[in-house]
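Peer 1: This structure is in structure tokens; I'll ask about it shortly.
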Amino acid sequence: MTTPATKARPPVAKPPGSPGGPARRPVRRRRDRVATVVLHVLLVAGLLAMVGPFLWMLLSSFKSEAEIRLVPATWWPEQFTLANYRELFGRLDFPTYFFNSALVATLVTLGNLVFCSAVGYALTKLRFPGRRALFGLVLGSVMVPSMVTFVPLFVLIANLGLTNTYAALVLPFLAGALGAFLMRQFMFSIPDELVESARVDGASELRIFVRIVLPLCRPALAALGILTFLAHWNSFIWPLVVATTEDKYTLPVALALYSVGQNQIKFGLLLAGSVVVVLPVVIVFIVLQRHFVRGIATTGLK
Amino acid sequence: MTAVAPGARTRRGRSGPRLRRAAVGWGFALPFTALFVVFLAGPVLASLLMSFTDLRSADVRNPFAVNIVGLRNYVRLFEDELFVKAAVNTAIFVLLGVPLTMVAGLAAALGLNSGLTRLRTVFRVGYYLPVVTSIVAVAVVWRFLLQPDSGLVESLLRLVGLDGPNWLGRSDLALPSLIVMAAWRNLGYQMVIFLAGLQAIPQHLYEAARLDGASGWQQFRYVTLPSLRPTLLFVGVIATIGYLQFFEEPLVMTRGGPLNSTLSVSYHIYNQFGFGNYGYASAMSYLLFVAIVLLSILWFRLLRSSEEVSR
């Protein structure tokens, strides 16, 4: 929040109302201050609207079922209780779902880091027949809606006998088009001379890739890694279809199945389950948000 | 299956013969390409072929022993009242949702970009939070917030003396509610892209405008908006592609109801898949694909012409 002392200074970045002619300055200045206050009020209101639901979710997950159902709804728990979490990790099998989610998201992320950076290297620093066609294929598939591949993928997985396995959850997503695109774009910024001189020194391509190019790609790898992990931690529709027994459920699948119909569990459990789904990514996001924002801003990848 | 192939034998790299260069290149590209062809490009093609057949779930073990039905699946689409309903719902979702999200995302970016420096990170993280959270968890919370009698939204409305309706239970309000929720969920992503776009606008443009006596609105209208056009169009493409596929929101919030008022095309495809009508589901998914490609081409046309204009 700006202090009153700074009001004489012209506004910093991109002022909506800026000093006009010298005669009208005092009026303008007061109007600026009003505008700044209004702006801050609006921004804070917006922030509450964005974060409020999560805050309520977190607070209410520590309430008893009766307290959650109170009308009108309350914010602060009258009595903190860990009962919901105890039941989630005791009676229900949330440890397994958590493990499944973590395993699937980690494997998919590692796969994308390895395969997408390797193909990015081939597409930018190596010349070989079919290179342009390969890039065309990758670029062309970015627009494909996920529903198009859904049915054939299911038929394929069923015929491979992989239904309800970790392989079914991981294999189809190891090599993403957006990841390849991101790595290719980034590797273009690495000067060819660097690679050439290493070749002259007799280094193998694998060595150049691992020792020279990959370390320089750290920002891109960080962005790709975080984004892929988040996307697959939250992934929901595909696991819902191919994970058919509880031991293969991921967190979102379990939460979805427990939140409606005959499997519906108590609301407090659902809220605690939501916290378990959301909290890890929020922590990852807050810790790594610099890489995150940079990755999104440069690639548009979600 | 890491790229081990281009090993020690290729020490001389580019100076080696053509064949060796091809081997090295494909050694790096092959693991990705193989996975990509099997799990993405192949299925895209298979889906097209399936859409001309009467493939059903019973044929899964023997997908090549099906009848070719030509364009019958595509003709059937237009006689399918549910599909028409889903297509209309999807169109409404895109036409209202994309502008709403873009206006909200741009407003948030402009707000954060004007003077707010110290707390910018807090705001950015907060506004981005819904983007990184699971839709299932979001649905759990929102269903509770929107509850007719006890929800938080209801109690907020009571504060100003209003009586909230049953948001998700009324067929005329369920879709608008989902649109607002989608905007809430996605505006943070757009905000980040808009912020990057805003920060790339050279300050001297604003200084020149101010010297000419331009008001705040005029600066926005004649400096910010034109400079931001490529960003706007990029965000527009991404949002359109995403919203055309909207599905998860109704799946977890309303199950497509009430009275199919929130059934989307992707949801209908998913249901047809569930009923075992694989050929029909594929045809529908291809129609969606075509719609996405056409709208993207439209956006890219706009993008190109706007770049020409701004130069």
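Peer 1: Failed condition for A:THR109, given (1) under 30 Å from A:VAL210 (Cα atoms); (2) within 14 Å of chain B (Cβ to nearest Cβ); (3) hydroxyl-bearing (Ser, Thr, Tyr), with all others met?
Peer 2: In the conditions (1) under 30 Å from A:VAL210 (Cα atoms); (2) within 14 Å of chain B (Cβ to nearest Cβ); (3) hydroxyl-bearing (Ser, Thr, Tyr), A:THR109 misses (2) alone.
Peer 1: How many residues does the stretch B:153-167 contain that are buried (at least 21 other Cβ atoms within 10 Å of the Cβ) and either at the interface with chain A (Cβ under 7 Å from one of its Cβ atoms) or closer than 14 Å to B:MET253 by Cβ (or both)?
Peer 2: 1
Peer 1: So which residues in the stretch B:43-96 are in a loop (DSSP other than H, G, I, E, B), among the small types (Gly, Ala, Ser) and within 14 Å of another protein chain (Cβ to nearest Cβ)? Even if it seems obvious, please write down each step before you answer.
Peer 2: In the first step, residues of the stretch B:43-96 are kept if they are in a loop (DSSP other than H, G, I, E, B); the result is B:51-52, B:54-56, B:60-67, B:69-71, B:80.
So of that shortlist, the ones also among the small types (Gly, Ala, Ser) come out as B:51, B:65, B:70.
Within the stretch B:43-96, B:SER51, B:ALA65 meet the criteria.
Peer 1: Could you tell me which numbered condition B:THR2 fails, if it satisfies all but one of (1) among the hydroxyl-bearing types (Ser, Thr, Tyr); (2) within 30 Å of A:GLU205 (Cβ to Cβ); (3) modelled with pLDDT of 85 or more?
Peer 2: (3)
Peer 1: Which numbered condition trips up B:ALA107, out of (1) more than 8 Å from chain A (Cβ to nearest Cβ); (2) over 23 Å from A:VAL41 (Cβ atoms); (3) of a type in the set (A, V, I, L, M, F, W, C)?
Peer 2: Among (1) more than 8 Å from chain A (Cβ to nearest Cβ); (2) over 23 Å from A:VAL41 (Cβ atoms); (3) of a type in the set (A, V, I, L, M, F, W, C), B:ALA107 violates only (2).
Peer 1: Let me ask something else. Considering only residues that are assigned to a helix (DSSP H, G or I) and among the β-branched types (Val, Ile, Thr), look in the stretch A:232-250 and name the one that is surrounded by the most Cβ atoms within 10 Å (Cβ to Cβ).
Peer 2: Selected residue: A:VAL242.
Peer 1: Can you confirm whether the stretch A:268-278 contains a residue that is surrounded by fewer than 18 Cβ atoms within 10 Å (Cβ to Cβ), more than 10 Å from chain B (Cβ to nearest Cβ) and modelled with pLDDT under 90?
Peer 2: No, that holds for no residue.
Peer 1: Give all pairs with beta carbons closer than 9 Å in which a residue from the stretch A:163-185 that is assigned by TED's automatic domain parsing to the domain that holds A:ALA133 meets a residue that is of a type in the set (Lys, Arg) and assigned to a helix (DSSP H, G or I); count only pairs at least 6 apart in sequence or on separate chains.
Peer 2: A:ASN164/A:LYS248; A:THR165/A:LYS248; A:TYR166/A:LYS248; A:ALA168/A:LYS248; A:LEU169/A:LYS248
Peer 1: Let me ask something else about it. Report, ordered by the first and then the second residue, all pairs with beta carbons closer than 7 Å, sequence separation of six or more or different chains, a first member in the stretch B:238-251 that is more than 8 Å from chain A (Cβ to nearest Cβ), and a second member that is not in a helix (DSSP H, G or I).
Peer 2: Final answer for the pair search is B:PHE246/B:SER264; B:PRO250/B:GLY256; B:PRO250/B:THR262; B:PRO250/B:LEU263; B:PRO250/B:SER264.
Peer 1: Oh, and also: Can you find a residue that is surrounded by 15 or more Cβ atoms within 10 Å (Cβ to Cβ), among the aromatic types (Phe, Trp, Tyr) and free of Cβ contacts under 8 Å to residues at least 60 places away in the same chain anywhere in the stretch B:36-58?
Peer 2: yes
Peer 1: With the checklist (1) surrounded by 12 or more Cβ atoms within 10 Å (Cβ to Cβ); (2) outside the structural domain of A:ILE283 (by TED's automatic domain parsing); (3) at pLDDT 85 or above in hand, flag the one item A:TYR97 doesn't pass.
Peer 2: Condition not satisfied by A:TYR97: (2).
Peer 1: Going by what's in this entry, would B:VAL235 be described as closer than 15 Å to B:VAL94 by Cα, among the β-branched types (Val, Ile, Thr) and outside any loop (DSSP other than H, G, I, E, B)?
Peer 2: Numbers: closer than 15 Å to B:VAL94 by Cα: yes; among the β-branched types (Val, Ile, Thr): yes; outside any loop (DSSP other than H, G, I, E, B): yes.
When the stated conditions are applied, B:VAL235 passes them.
Peer 1: Against the definition (in contact with a helix residue (DSSP H, G or I) (Cβ under 8 Å, 6 or more places away or on another chain), of a type in the set (Val, Ile, Thr) and either buried (at least 19 other Cβ atoms within 10 Å of the Cβ) or over 28 Å from A:VAL148 (Cβ atoms) (or both)), how does A:VAL253 come out, yes or no?
Peer 2: Yes; evaluated as a whole, the condition is true for this residue.
Matching residues to (1) under 30 Å from A:LEU257 (Cβ atoms); (2) more than 11 Å from every other protein chain (Cβ to nearest Cβ); (3) within 21 Å of the chain's Cα centre (by Cα):
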{"residue": "A:PHE62", "(1), (2), (3)": "yes, yes, no"}
{"residue": "A:VAL71", "(1), (2), (3)": "yes, no, no"}
{"residue": "A:TYR85", "(1), (2), (3)": "yes, yes, no"}
{"residue": "A:PHE94", "(1), (2), (3)": "yes, yes, no"}
{"residue": "A:VAL104", "(1), (2), (3)": "yes, yes, yes"}
{"residue": "A:ALA133", "(1), (2), (3)": "no, no, no"}
{"residue": "A:LEU139", "(1), (2), (3)": "no, yes, no"}
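Peer 1: Quick check on B:PRO130: is it within 8 Å of another protein chain (Cβ to nearest Cβ) and modelled with pLDDT of 90 or more?
Peer 2: The answer is yes for B:PRO130.
Peer 1: Out of A:VAL148, A:VAL170, A:VAL242, report the one residue that is modelled with pLDDT of 90 or more, within 25 Å of the chain's Cα centre (by Cα) and within 9 Å of chain B (Cβ to nearest Cβ). Even if it seems obvious, please write down each step before you answer.
Peer 2: Details: A:VAL170 fails: within 9 Å of chain B (Cβ to nearest Cβ); A:VAL242 fails: within 9 Å of chain B (Cβ to nearest Cβ).
The conditions single out A:VAL148.
Peer 1: Looking at (1) over 30 Å from B:VAL290 (Cα atoms); (2) more than 10 Å from chain A (Cβ to nearest Cβ); (3) crowded, with 21+ Cβ neighbours inside 10 Å, which is the one condition that is false for B:LEU195?
Peer 2: Condition not satisfied by B:LEU195: (2).
Peer 1: Would you pick out the residues in the stretch A:186-209 that are surrounded by 14 or more Cβ atoms within 10 Å (Cβ to Cβ) and either among the β-branched types (Val, Ile, Thr) or touching a residue at least 40 places away in the same chain (Cβ under 8 Å) (or both)?
Peer 2: Selection gives A:PHE186, A:MET187, A:ILE190, A:VAL195, A:GLU205, A:ILE208, A:PHE209.
Peer 1: Out of the helices (runs of 4 or more DSSP H) lying entirely within the stretch A:155-231, which hold 2 or more residues that are farther than 29 Å from A:LEU288 by Cβ? Walk me through how you get there before you give the answer.
Peer 2: Values: elements: A:166-170, A:177-188, A:192-200, A:205-208.
Qualifying helices (runs of 4 or more DSSP H): A:192-200, A:205-208.
The values are calculated or read from the model by the stated rules, or taken from the named source; none is laboratory data. Just so you know, these numbers come straight off a predicted model, no measurement behind them. When we count neighbours, we look across all protein chains shown, and the Cβ atoms used for this are built from the backbone with ideal geometry, even at glycine.
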